[in-house]
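Student: Can you read through this structure? Questions will come right after.
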Amino acid sequence: MGAQRSFRETFLAVLRIELCVSVFLYLQALLWVALFTERQGDAFAERAVGGHMGSIISAQLRVLPAYLIVALAYALVVTPVVFLARSRAPSRFGRTRFVARVLCVDVLACLASVGPFFSQNPGLLDGVARKTAPFAPGLDLYVLYRWHLLDGATLVFAFFLGLAAFTIASEVANAVSKSTRTALGLCAFGLPVVVLLVAALPPLRGRSGATPTRPNILVIASDSLRYDRLGVHGHSRADISPNIDAFSREALDFQQMHVATASTLESWMSFMSGQFPPTHGVRYMYLRREQAEAVGLRRDLLPRVLAEAGYQTIVSSNWAGNCFKLVDVGFEDTLASDVQNFEALIMEATIWSHLVFPLYFTNGLGELLLPEVQRITSYVRPSVLTDRLFDRIDGDASDSRPFFGLLFFSMTHLPYQASHPFNLKYMDPEYSGPHRYQIDVKVHDLITTGFAPTLPPEVISHIRDLYDGAVSEFDAAVGETLEALRVRGLDRDTLVIVTSDHGEDLYDPGSTLGHGTNFFGGDQSTRIPFFLRLPTSDGKPGFVRSGEAVEALTRNVDVLPTLLDFLKLEDKSPRDGRSLMPLILGLVKDLDLLAFAETCYLFFPKTKAMVDLSEEERAEVFEVPGAIDTLDVDPNFDNNLILREELHGPVLRAKDRMVRSRRFKLIEIPGKTRPIDRLYDLATDPAQQRDLSKLNLPIMATLKAAMRAYDEGRASTVRLSAEEDRGTP
């Protein structure tokens, strides 16, 4: 390089190199997408390559601007370093030396950028660790945390920015005085530090204005949270849920709360309508357009009823709550991820293949380039959802309006994606087997065979450790949310519920993984935690019965009638649920209720999930095929997956049903010629190991009649007194 380049010439030369690097990385990502799609070898991948090839190509093109922005950003950061370090003497290898110098600074700048960008999106490192674990089980990326390398990288990155800003400012100011140049330099170096400090400051909190005329209502829930994995409910790990345990001492603990379907959409629909599935009509998650639109026309769902009473209604969630984007249950603000339709799955695979996007664009700029990035929420920490909810509450112009908020987290749902350090909290550090950081299951395997019926004990133990880490993270989110209420002075005026939409199977006897597939092994799939803390005016949250347990059998369909009763709002709509206020006020010990439930839509043939049937019974079971043969992509409904219309009847017929009294549980599995029954005495056999259906107990006929009433939409008329709930096993 004979004569030295000017700053402008150096910048243009560096920019050309950065563009070449971006093209190389982009082509490499395209190759990865092609190989990934080809290696799937399943029906869904074939659909993507076939009918959705246009979507795949479009997704790759839409990511391209991100590479151009990164190339420009790197050129702006790298140019000052290269310019200041340029050689004063000519060199016969000047061009090669220049390219090598740029690439070396690129590597340093990339490593330095890891710190601030991983700190901005801490879940991003979790996502990378999960993606690489199946291919490199021995790779431990969390050494970056343990050795505090991310902290050091943040400082190096700030230095890079300061150096770049200083050099550019110097070039701009080369015609001005020395003192001005010095001032510009100080500002250039100080600006990144100021930005980092401002970003670290907590936002202003609090509502000003009049006290709401009615109490606020806040529901904090985690998808697939089991009743028995909390410290207050006897879990052996005393440190798993300190915040929920403390909250329980201010609340009523409903210890026999059950859901009607262990599936998110159907369960929340029961919660919001106060009706069982045969009444509200949402019986599976893959609704057709007309079914989803019918829900949006209902005026009797809880958010709409409360909105008409003057409430601000908000739901904040990630992918776990995308059902609220599929069906409109009436929330004024739906701060949840979009529905994971077929094109969203393609976009998710695209974004994770083009690694520059999750690293540098999981932020507002990324959402401007690709609005779909909000669907890719595996990097989002729970605090983001809490902040979104309270930002909307704080920003409401009408401060006198009470709010009804639903804060719905995903961490306890498969694949148990807890964030660091919760994902490692209970994990054996020496474990390097399957499912290291999350449950790893291929879509093809899930929709054809389901989860493995048996696993080695050490793998099952590891899976439960992962789940418990996710429970612990939810507990931390509960603590953060309750603190956000307190600092705003809203805790005294807010009715707070901590709960779940359903439970979870964790290789309990007779079960595998997942939820809603059958009713074997106990109540782990339908029984949920439910804590209720009423507002108060005496300076302390809760009320006179705080910390007590309600042992009566209750259902989540009872929540809506209870809230409306508590608020003294008239309700003329038909409900299957019943107000629990008599239990809350201590007026009665029991309401003589029965819990009903049905299985959800299955991705795989149902006999794959039944490990408690004989071969003869398996042959008798009525079932429909799995997802490959039952789902379609509807181009007229946002490319959502839908259940084929002609399979609506067979899917409903194939559902197992369950009815549970205080003591007994009856399971009915539809057969080709006759139902297959199981009856259990849960008082003496909570794990359901001894079938009593052949003993002709009087309770059998009673529960059979109750199940018929459920099927016919008459469950609200059924009661069972303690005297009737008897049997002699």
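Student: Please verify whether GLU615 is open to solvent by 20 Å² or more (accessible area, probe 1.4 Å) and over 32 Å from the mean Cα position of the chain (by Cα), treating the condition exactly as stated. Spell out the reasoning first.
Tutor: Values: open to solvent by 20 Å² or more (accessible area, probe 1.4 Å): yes; over 32 Å from the mean Cα position of the chain (by Cα): yes.
Criteria met by GLU615.
Student: When you check GLU430 against the structure, is it without any contact (Cβ under 8 Å) to a residue 24 or more places away in the chain, outside any loop (DSSP other than H, G, I, E, B) and not basic (Lys, Arg), yes or no?
Tutor: no
Student: Also, quick follow-up: Pairs only if they're at least six apart or on different chains, beta carbon under 7 angstrom, first in the range 230-259 and closer than 13 Å to THR499 by Cα and in contact (Cβ under 8 Å) with a residue 40 or more places away in the chain, second surrounded by fewer than 16 Cβ atoms within 10 Å (Cβ to Cβ) and among the acidic types (Asp, Glu); list them, first residue then second.
Tutor: Filtered contacts from the range 230-259: LEU252/GLU548; GLN255/GLU551; GLN256/GLU551.
Student: Of all the residues that make up the range 621-646, how many are at pLDDT below 90, in a helix (DSSP H, G or I) and of a type in the set (D, E, K, R)?
Tutor: Number satisfying all stated conditions: 1.
Student: Looking at (1) modelled with pLDDT under 95; (2) out of contact with any Phe, Trp or Tyr (no Cβ under 9 Å at 6 or more places or on another chain); (3) open to solvent by less than 20 Å² (accessible area, probe 1.4 Å); (4) not aliphatic (A, V, I, L, M), can you tell me which one GLY321 breaks?
Tutor: (2)
Student: Just to verify a result, which residue in the range 372-402, among those that are modelled with pLDDT under 65 and under 17 Å from THR213 (Cα atoms), is surrounded by the fewest Cβ atoms within 10 Å (Cβ to Cβ)? Walk me through it before giving the result.
Tutor: Just the residues of the range 372-402 that are modelled with pLDDT under 65, to begin with: 374-379, 397-399.
If we keep only those that are under 17 Å from THR213 (Cα atoms) too, we end up with 397-399.
Values: ALA397: 6, SER398: 10, ASP399: 14.
Across the range 372-402, the extreme among qualifying residues is ALA397.
Student: Looking at (1) under 26 Å from the mean Cα position of the chain (by Cα); (2) more than 26 Å from GLU724 (Cα to Cα); (3) in a helix (DSSP H, G or I), which is the only condition CYS600 fails?
Tutor: So the condition that CYS600 fails would be (3).
Every residue, every condition in (1) assigned to a loop (DSSP other than H, G, I, E, B); (2) surrounded by 20 or more Cβ atoms within 10 Å (Cβ to Cβ); (3) touching a residue at least 60 places away in the same chain (Cβ under 8 Å), yes or no:
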| position | (1), (2), (3) |
| --- | --- |
| ILE460 | no, no, no |
| ASP468 | no, yes, yes |
| LEU482 | no, yes, yes |
| ASP501 | yes, yes, yes |
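Student: Moving to a separate point now. From the list PHE520, PHE566, which one is open to solvent by 10 Å² or more (accessible area, probe 1.4 Å) and aromatic (Phe, Trp, Tyr)?
Tutor: On the way: PHE520 fails: open to solvent by 10 Å² or more (accessible area, probe 1.4 Å).
Checking each option against the conditions leaves just PHE566.
Student: Those residues that are in a helix (DSSP H, G or I) and modelled with pLDDT of 75 or more, I need them from the range 326-345; list them, please. Steps first, answer last, please.
Tutor: Here is the first cut: in the range 326-345, the residues in a helix (DSSP H, G or I) are 326, 342-345.
Hit for the range 326-345 is LEU326, nothing else.
Student: Just wondering, is there one or more residues in the range 291-308 that are assigned to a helix (DSSP H, G or I), more than 22 Å from HIS502 (Cβ to Cβ) and open to solvent by less than 10 Å² (accessible area, probe 1.4 Å)?
Tutor: Taking the range 291-308 and keeping what is assigned to a helix (DSSP H, G or I), we get 291-296, 302-308.
Of the ones still in play, those that are also more than 22 Å from HIS502 (Cβ to Cβ) are 293-294, 296, 304-308.
Of the ones still in play, those that are also open to solvent by less than 10 Å² (accessible area, probe 1.4 Å) are 306.
Yes, the range 291-308 contains a residue that is assigned to a helix (DSSP H, G or I), more than 22 Å from HIS502 (Cβ to Cβ) and open to solvent by less than 10 Å² (accessible area, probe 1.4 Å).
Student: OK, next. Within the range 309-325, can you find the residues that are over 24 Å from HIS413 (Cβ atoms) and in a strand (DSSP E or B)?
Tutor: Restricting attention to the range 309-325, the residues satisfying the condition of being over 24 Å from HIS413 (Cβ atoms) are 309-312.
If the condition is that a residue be over 24 Å from HIS413 (Cβ atoms) and in a strand (DSSP E or B), then GLN312 is the only one that fits.
Student: Using beta carbons and a limit of 6 Å, which pairs, at least six apart or on different chains, have the first residue in the range 552-578 and at pLDDT below 95 and the second one aromatic (Phe, Trp, Tyr) and surrounded by 19 or more Cβ atoms within 10 Å (Cβ to Cβ)?
Tutor: none
Student: Same structure again: Filtering the range 640-655 down to residues that are open to solvent by 20 Å² or more (accessible area, probe 1.4 Å) and touching a Ser or Thr at 6+ places or on another chain (Cβ under 8 Å), which residue is nearest to MET53 (Cα to Cα)?
Tutor: Filtering first and then ranking leaves ARG644.
Student: Ok, one more. Of the residues in the range 709-729, how many are among the basic types (Lys, Arg) and surrounded by 13 or more Cβ atoms within 10 Å (Cβ to Cβ)? I'd like the intermediate steps shown before the answer.
Tutor: Narrowing the range 709-729 to residues among the basic types (Lys, Arg): 714, 719, 726.
Retained after the next criterion (residues that are surrounded by 13 or more Cβ atoms within 10 Å (Cβ to Cβ)): 714, 726.
Of the residues in the range 709-729, 2 are among the basic types (Lys, Arg) and surrounded by 13 or more Cβ atoms within 10 Å (Cβ to Cβ).
Student: Over 21 Å from PHE622 (Cα atoms), part of a loop (DSSP other than H, G, I, E, B) and at pLDDT below 95 - does that describe any residue in the range 664-673?
Tutor: Quick first cut of the range 664-673, residues over 21 Å from PHE622 (Cα atoms) only: 664-665.
After this cut, where a residue has to be part of a loop (DSSP other than H, G, I, E, B) as well, the list is none.
No, that holds for no residue.
Student: So which of THR630, THR702, THR673 is on the phi < 0 side of the Ramachandran plot, of a type in the set (S, T, N, Q) and exposed (fewer than 14 other Cβ atoms within 10 Å of the Cβ)?
Tutor: Working: THR630 fails: exposed (fewer than 14 other Cβ atoms within 10 Å of the Cβ); THR702 fails: exposed (fewer than 14 other Cβ atoms within 10 Å of the Cβ).
So the residue among THR630, THR702, THR673 that is on the phi < 0 side of the Ramachandran plot, of a type in the set (S, T, N, Q) and exposed (fewer than 14 other Cβ atoms within 10 Å of the Cβ) is THR673.
Student: Separate question: Hey, can you tell me all the residues within the range 100-150 that are more than 28 Å from the chain's Cα centre (by Cα) and at pLDDT below 70? First the steps, then the outcome.
Tutor: Taking the range 100-150 as the starting set, the residues that turn out to be more than 28 Å from the chain's Cα centre (by Cα) are 100-112, 147-149.
Matches in the range 100-150: TRP147, HIS148, LEU149.
Student: In the list GLU9, GLU18, which residue meets the criterion of being surrounded by 17 or more Cβ atoms within 10 Å (Cβ to Cβ), modelled with pLDDT of 85 or more, among the charged types (D, E, K, R) and not in a loop (DSSP other than H, G, I, E, B)? Can you show your working first?
Tutor: Values: GLU9 fails: surrounded by 17 or more Cβ atoms within 10 Å (Cβ to Cβ).
Among GLU9, GLU18, only GLU18 is surrounded by 17 or more Cβ atoms within 10 Å (Cβ to Cβ), modelled with pLDDT of 85 or more, among the charged types (D, E, K, R) and not in a loop (DSSP other than H, G, I, E, B).
Student: Do we have ASP691 as open to solvent by 10 Å² or more (accessible area, probe 1.4 Å), farther than 22 Å from GLY522 by Cα, part of a loop (DSSP other than H, G, I, E, B) and among the charged types (D, E, K, R) here?
Tutor: Details: open to solvent by 10 Å² or more (accessible area, probe 1.4 Å): yes; farther than 22 Å from GLY522 by Cα: no; part of a loop (DSSP other than H, G, I, E, B): yes; among the charged types (D, E, K, R): yes.
Spelling it out, it is not the case that ASP691 is open to solvent by 10 Å² or more (accessible area, probe 1.4 Å), farther than 22 Å from GLY522 by Cα, part of a loop (DSSP other than H, G, I, E, B) and among the charged types (D, E, K, R).
Student: Moving on to the next point. Provide a single number: the residues in the range 270-283 that are farther than 15 Å from ASP576 by Cα and surrounded by 23 or more Cβ atoms within 10 Å (Cβ to Cβ).
Tutor: At the first step, the residues of the range 270-283 found to be farther than 15 Å from ASP576 by Cα are 283.
Then keep just the ones that are surrounded by 23 or more Cβ atoms within 10 Å (Cβ to Cβ); that gives none.
The total comes to 0.
Student: Being under 21 Å from the mean Cα position of the chain (by Cα), surrounded by 19 or more Cβ atoms within 10 Å (Cβ to Cβ) and at pLDDT 95 or above narrows it down to one of SER248, SER267, so name that one. Spell out the reasoning first.
Tutor: Details: SER248 fails: under 21 Å from the mean Cα position of the chain (by Cα).
One residue alone meets the criteria, SER267.
The values are calculated or read from the model by the stated rules, or taken from the named source; none is laboratory data. Bear in mind that the values here come from a model prediction, so they are computed numbers and not experimental data. Positions of Cβ are backbone-derived with ideal geometry, glycine not excepted, and every protein chain shown enters the neighbour counts. All accessible areas refer to the heavy atoms of the entire protein, side chains included, with ligands and DNA or RNA removed. Shrake-Rupley method; radii C 1.70, N 1.55, O 1.52, S 1.80 Å.
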